[in-house]
Amino acid sequence: MITLEGVSKSFRLDDGRSEPVLSDLSLNVPEGEFLCVLGPSGCGKTTLLNLIAGFTAPTKGRVLVDGAEIGAPGPERAVVFQDAVLFPWLTVSRNIAFGLELQGMKGRPLAERVSRYLAIMGLSEEDGGKYPHALSGGMSQRVALARVLALEPKALLMDEPFSSLDVDTRERLQDELLRLWAAHGTTVVYVTHSVEEAAYLADKVLVLGTPPGGSAELAVPQERPRNRSSDEFRAMKERLRGVLSEPLRSVRSHLSPYLEGGFHR
Ligand SMILES: Nc1ncnc2c1ncn2[C@@H]1O[C@H](COP(=O)(O)OP(=O)(O)OP(=O)(O)O)[C@@H](O)[C@H]1O
Ligand SMILES: [Mg+2]
């Protein structure tokens with residue numbers, strides 16, 4: 001569903017030099033796949049997500065969605081930002097309803113959809129009536145997630161969506177996300193710097209190296225639900241850690257040795 005063909009992205013610095021962030025990256029995310037993008041801070045994860053979302057254009061190469069080159073953001077690709085901001089003048093429920101109303105939803109279906117996603121995110125109806133200034137950071141992030149998940153988009157682009165949450169909430173929401181993903185056949189591109197998160201969530205992991213380094217792809221062929229305390233899970237984490245610590249040169253030279261097995265729901 002999402003394809004990158006030889007994508008490079010550089011940024012022009014204030015002194016006129018150009019800084020390469022991604023170079024010659026090719027990637028294919030089939031419909032319904034859960035891809036995690038893993039890499040150290042500054043390696044270009046958010047840049048990659050912005051390219052897929054259509055917020056920025058590649059310096060070189062092409063980004064295609066369903067076979068067509070993208071020129072702009074589209075409703076089929078919903079984005080959860082790294083630091084999501086809610087509309088401060090709307091209640092929690094109205095924040096969640098906002099995008100749905102733009103899509104023409106109203107009345108009972110709208111109210112039911114909002115209630116369902118409040119509940120999924122562990123928020124009460126009472127929370128729904130609160131204004132963003134009265135929420136904790138973790139609650140705000142859950143509302144921001146509910147707002148995007150409630151749209152039930154074809155593709156979800158998520159930038160470290162759970163990183164500000166406590167471990168229990170994060171693990172519960174990871175399971176909710178997997179449940180929604182399996183139920184709707186959503187294609188997910190999920191940015192994280194956590195090896196644990198990638199091993200738990202992904203069908204496939206794209207590891208990005210420090211620029212202007214390359215990247216590697218790894219399949220995670222384990223069945224779900226995955227057991228975090230199993231040897232298999234620990235081995236996967238070790239493997240990801242190993243790839244993260246390697247100097248990554250190019251996509252192509254790394255693709256074949258790591259890709260094995262299909263993906264599982
Ligand atoms: N608009 C921009 N103009 C100039 N440089 C940019 C711009 N956006 C990103 N960069 C640079 O590109 C590099 C990659 O940034 P990016 O935000 O994609 O990293 P990241 O992997 O998401 O990091 P983090 O894990 O910290 O969020 C950084 O060196 C950053 O300074
Ligand atoms: Mg980022």
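Each label point is 7 Å from the Cα along the Cα-to-Cβ direction; what then is the distance between the points at D83 and H184, in nm?
Taking the simple label geometry, D83 and H184 are separated by 2.7 nm.
Where in the stretch 1-109 are there trypsin sites (Lys or Arg not before Pro) that are in a DSSP coil and have at most 12 other Cβ atoms within 10 angstrom of their Cβ? Display every interim value, and only then the final one.
Details: sites: K9, R12, R17, K45, K60, R62, R77, R94, K106; in loops: R17, K106.
Passing both the DSSP loop test and the Cβ count: R17, K106.
Heavy-atom accessible area per residue, the stretch 87-152, 1.4 Å probe: how many Å²?
On the way: 3250 Å² over 66 residues.
Here the residues of the stretch 87-152 average 49 Å² of exposed surface.
Can you pull the percent of the chain's accessible area that's carbon plus sulfur, 1.4 Å probe, other chains left in place? Working shown, then result.
Values: 6440 of 12120 Å².
C and S fraction of accessible area: 53 percent.
Given R₀ = 22 Å, FRET efficiency for H193-R224 by Cβ-Cβ distance, to 0.05?
Values: r = 22 Å, r/R0 = 1.00.
Efficiency, from the Cβ-Cβ distance: 0.50.
Suppose every Lys and Arg Cβ carries +1 and every Asp and Glu Cβ carries -1, with no other charges. What dipole size does the stretch 87-152 come out with about its Cα centre, to the nearest 20 debye? Could the numbers behind the result be given before it?
Details: 8 positive and 6 negative charges, 20 e Å.
Dipole about the Cα centre, nearest 20: 100 debye.
Among 30-36, 82-88, 185-191, what's the highest-first ranking by average C-beta atoms within 10 angstrom per residue?
Values: 30-36: 19.6, 82-88: 13.6, 185-191: 21.6.
Order by mean packing, descending: 185-191, 30-36, 82-88.
With +1 on each Lys and Arg Cβ and -1 on each Asp and Glu Cβ, how big is the dipole of the chain about its Cα centre, in debye rounded to the nearest 20? Walk me through the intermediate numbers first.
On the way: 30 positive and 34 negative charges, 52 e Å.
About 240 debye.
What nm distance separates the two modelled labels at F11 and A119, each placed 7 Å from Cα along Cα→Cβ?
Simple spin-label model gives 4.3 nm for this pair.
Which of these, K204, K130, K154, has the largest mean-square fluctuation under a Gaussian network model of the chain (Cα springs below 10 Å)?
Of K204, K130, K154, the Gaussian network model singles out K130 as fluctuating most.
Under the Karplus relation 6.51 cos²θ - 1.76 cosθ + 1.60, θ = phi - 60°, what is the ordered set of whole-Hz ³J(HN,Hα) values for the stretch 81-98, x standing for Gly and Pro?
Running phi through 6.51 cos²θ - 1.76 cosθ + 1.60 with θ = phi - 60° gives 7, 4, 10, 6, 10, 8, 6, x, 8, 10, 5, 3, 4, 6, 4, 5, 6, 3 Hz.
As an exercise, identify the GluC sites (Glu not before Pro) in the stretch 135-212 lying in DSSP coil whose Cβ has no more than 12 other Cβ atoms within 10 Å. Please list the in-between numbers first.
Working: sites: E171, E176, E196, E197; in loops: none.
Qualifying residues, ordered by number: none.
Please check: in the Gaussian network model of the chain (C-alpha springs, under 10 Å), which one of V167, V63, V220 has the largest mean-square fluctuation.
Of the options given, V167 has the highest mean-square fluctuation.
Could you check which residue among L51, L102, L25 shows the biggest mean-square fluctuation in a GNM of the chain with a 10 Å Cα cutoff?
Its mean-square fluctuation being the largest, the pick is L102.
The values are calculated or read from the model by the stated rules, or taken from the named source; none is laboratory data. What you see is a predicted model, and the numbers here were worked out from it, not measured in a lab. Ideal geometry is used to build each Cβ from the backbone, glycine not excepted, and the neighbour counts take in all protein chains shown. These accessible areas exclude ligands, DNA and RNA; they are computed on the full protein's heavy atoms, side chains included. Shrake-Rupley method; radii C 1.70, N 1.55, O 1.52, S 1.80 Å.
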